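Trainee: Dropping the structure in here first, questions after.
The values are calculated or read from the model by the stated rules, or taken from the named source; none is laboratory data. Remember, predicted model here, so these are calculated numbers, not experimental data. Note that we place each Cβ from the backbone using ideal geometry, even for glycine, and neighbour counts take in every protein chain shown. Heads up: the accessible areas ignore ligands, DNA and RNA and are worked out on the full protein's heavy atoms, side chains in. Shrake-Rupley method; radii C 1.70, N 1.55, O 1.52, S 1.80 Å.
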Amino acid sequence: MSRNGILIDYEFCTGCHTCEMACKTELGLPKGKWGIQVSQIGPWQIDDNQWEYTFIPVPTTLCNLCEDRVAAGKLPTCVHHCQALVMRYGPVEELAALMKDKPKMLLFAPK
């Protein structure tokens, strides 16, 4: 049986934090705890023509890939609610294959 994960294409993440709120609601997490948290890198200037200003949604140890939702045939709530459509859920092998041509992707594949 294949293992599932979440692929995050953070090149296009807008930092809207919708994934965080959807996750907190789904898991009933208290203030200060997160199943997924958006990290901000920058803004800082790389050179005269380029800035680093990136948002990266990072699943935490509390993420269970929405096992109850997935068992009911739904997507994990962060994937479902991502407004920039930068998250995909599926078999780790298939998601990893999508990473070969993109530099700004993360694969979360908990056991």
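Trainee: Considering the chain, which cysteines have no disulfide-compatible partner, defined as another cysteine with its Cβ under 4.7 Å away?
Mentor: Cysteines of the chain left without a disulfide-compatible partner: Cys13, Cys16, Cys23, Cys63, Cys66, Cys82.
Trainee: Give me, ordered by chain and number, the residues 5 or more places off Gln37 or on other chains with an amide H under 5 Å from its own placed amide H.
Mentor: Sorted by chain and number, the residues that satisfy this are Val58, Thr60.
Trainee: Also: Mind listing the phi-derived Karplus ³J(HN,Hα) values for region 89-96, rounded to whole Hz, using 6.51, -1.76 and 1.60 with θ = phi - 60°, and x for any glycine or proline?
Mentor: 10, x, x, 3, 4, 5, 5, 4
Trainee: Here is a follow-up. Could you work out which residue, out of Pro91, Pro43, Pro76, moves most in a Gaussian network model of the chain, that is, has the largest mean-square fluctuation with Cα springs under 10 Å?
Mentor: Taking springs between Cα atoms under 10 Å, the residue moving most is Pro43.
Trainee: At q = 0.20, 0.26 Å⁻¹, what base-10 log of I(q)/I(0) does the Debye formula yield for region 35-83 when every alpha carbon is treated as an equal point scatterer in vacuo?
Mentor: Ignoring solvent entirely, the Cα scatterers give -0.73, -0.95.
Trainee: So I have [x] 39, 26, 19; [y] 50, 36, 22; [z] 40, 38, 18, and one of them is Cα extents along the principal axes in Å calculated from this model. Which one is it?
Mentor: Step by step, Cα extents along the principal axes in Å for this structure corresponds to label [y].
Trainee: A further question follows. Can you put Arg88, Arg69 in order of accessible area, largest first, using a 1.4 Å probe?
Mentor: Arg88, Arg69
Trainee: Taking the Cα centre of the chain as origin, sum charge times position over the Cβ atoms of Lys and Arg (+1) and Asp and Glu (-1), and report the length of that vector in debye to the nearest 20.
Mentor: 460
Trainee: Any chance you could look up the accessible area of His81 with a 1.4 Å probe, heavy atoms only, rounded to 10 Å²?
Mentor: Roughly 80 Å² of His81 is accessible to a 1.4 Å probe.
Trainee: Also, quick follow-up: Treating the angle as unsigned and between 0 and 90°, give the value, to the nearest 10°, between the Cα long axis of helix 18-27 and the longest Cα principal axis of the chain.
Mentor: So the helix axis and the longest Cα principal axis differ by about 20 degrees.
Trainee: Using modelled backbone amide H atoms (1.01 Å from N, in-plane), which distant-in-sequence or interchain residues come within less than 5 Å of Asn4's amide H?
Mentor: Sorted by chain and number, the residues that satisfy this are Val92.
Trainee: Tell me, what ³J(HN,Hα) does each residue in region 34-49 have, in order and in whole Hz, if you take phi through Karplus 6.51 cos²θ - 1.76 cosθ + 1.60 with θ = phi - 60° and put x for Gly and Pro?
Mentor: 9, x, 8, 9, 8, 9, 10, 10, x, x, 8, 7, 7, 8, 4, 10
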